[in-house]
């Protein structure tokens, strides 16, 4: 790692962790400073750590809880409604198809 920059990516699912959905807000832009504080001991010795943030929305295959809560709505429509409730801009979140081009979504949503 010496001499090479390190890139760290934080993936934040609008719907949160399937087991702990209330923790989604931790990765939202308003809380980035708290996240960066976790990295401070490392940044002290490695100054070239670069942080990247990917905001997305997705659910586990077969999980229909959101669809039951928001009957008749598409996943994108549900994301818009949830973003509004959480007071975050829905346009910063990419859908499952887009995030799957970046990373294996199965690993992100802990299937």
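Bear in mind that the values in this text are calculations on the coordinates, not laboratory data. From a predicted model like this one, the values you see are computed outputs, not experimental measurements. Note: ideal-geometry Cβ built from the backbone for every residue, glycine included; neighbour counts use all protein chains shown.
Just checking my list (i) 107; (ii) 117; (iii) 140 against volume of the Cα convex hull per residue in Å³ computed from this structure; which label fits? Read-out from the structure maps to (ii).
The helix-based estimate of mean residue ellipticity at 222 nm for the chain, built from -39,500 (n - 2.57) per DSSP H run of four or more residues and divided by its residue count, is -9000 deg cm²/dmol to the nearest 500. As a length-normalised measure over Cα pairs under 8 Å and 6 or more apart, the relative contact order of the stretch 6-108 settles at 32 percent.
Ranking of 12, 69 by neighbouring Cβ atoms within 10 Å, starting from the fewest: 69, 12.
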